[in-house]
Amino acid sequence: MAMEFPQKIHIIGSVGSGKTTLARSLSKTLQLPFHELDNVVWIRKPSGDMRRTEQERQEYLQSIIQTDGWIIEGIHQEEWVTQSFQQADCIIFLDTPYKIRTARIIKRFFKQKIGIEKAHYEPTFSIFFKMFRWNKRFEKVGKPKFFSDQEDIVGKLVVVRHKKDVENYFRQFQPIKSVSR
């Protein structure tokens with residue numbers, strides 16, 4: 001007998017790992033709202049982004065995780081995100097190969113610069129180079145920290161290196177359309 005689909009999904013991975021793409025696809029397929037953690041951290045305004053206070057950020061995240069179903073995606077794994085990991089039915093860790101993430105960062109930047117892809121931020125060369133640093137830091141520090149800090153959630157953790165890994169995971173549930181990443 002097939003199980004029901006998870007209703008609370010947290011997706012984590014580095015810059016360029018495919019978090020937003022997977023979240024959008026799952027959101028459409030499962031009919032669940034998805035939320036980017038960057039938008040929990042930042043208030044997006046036409047005049048520029050403004051960082052939320054710790055209390056505002058916590059309240060906003062709480063308002064999301066207290067609902068019946070959600071998909072949260074982001075690179076964040078600081079203490080303020082802990083409750084979303086605990087509340088999640090499923091945590092998808094996108095372990096996309098480093099070289100693929102690097103290529104995606106480059107491709108995304110050029111698409112944003114010529115206006116093919118929309119960004120929540122101004123795609124400057126400063127941000128572009130920061131993304132490489134963030135990607136490298138995630139590989140060397142963030143990923144090992146995640147796996148050492150998350151022992152209590154290992155039972156609901158799905159490590160994904162390739163699209164087929166996501167599809168294989170969701171096969172145990174009731175029929176689902178192919179999810180893209």
Using Cα pairs closer than 8 Å and at least 6 residues apart in sequence, work out the relative contact order for region 52-134, in percent. 20 percent
Given that compact globular proteins tend to follow 2.2 N^0.38 Å, what is the ratio of the alpha-carbon Rg of region 71-180 to that value? 1.21
Tally the DSSP beta bridges in region 1-151 and give the antiparallel ones as a percent, rounded to 5. 15 percent
Along the charge dipole of region 66-181, pointing to its positive end and built from +1/-1 on Cβ of Lys, Arg, Asp and Glu, which listed residue (Phe93, Gly155, Tyr121) has its Cα farthest out? Tyr121
Given Cβ point charges of +1 (Lys, Arg) and -1 (Asp, Glu) and nothing else, what value in debye, to the nearest 20, does the dipole of the chain about its Cα centre take? 1180 debye
Could you state the angle between the C-alpha long axis of helix 98-113 and the longest principal axis of the C-alpha atoms of the chain, as a value from 0 to 90 degrees rounded to the nearest 10? 50 degrees
Measure nothing fancy, just the Cα-based angle from helix 125-137's long axis to the longest principal axis of the chain, in degrees from 0 to 90, nearest 10. 40 degrees
List the relative contact order of the chain as a percent without decimals, with contacts defined as Cα pairs under 8 Å and 6+ residues apart. 35 percent
Apply the Kirkwood formula to region 1-158: the hydrodynamic radius equals the inverse of the mean of 1/r over all pairs of different alpha-carbon atoms; give it in Å with one decimal. 16.6 Å
Counting only protein heavy atoms and using a 1.4 Å probe, what share of the accessible area of region 1-136 belongs to carbon plus sulfur, as a whole percent? 54 percent
Compute the accessible area per residue over the chain, keeping the other protein chains in place, probe 1.4 Å, unit Å². 58 Å²
From DSSP H assignment alone, runs of 4+ in the chain each adding -39500 (n - 2.57), the sum over residues rounded to the nearest 500 puts [θ] at 222 nm at -13000 deg cm²/dmol
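The values are calculated or read from the model by the stated rules, or taken from the named source; none is laboratory data. Just so you know, these numbers come straight off a predicted model, no measurement behind them. Cβ: placed from backbone, ideal geometry, glycine included. Neighbour counts: every protein chain shown. These area figures cover heavy atoms from the full protein model, side chains too; ligands, DNA and RNA do not enter into them. Shrake-Rupley method; radii C 1.70, N 1.55, O 1.52, S 1.80 Å.
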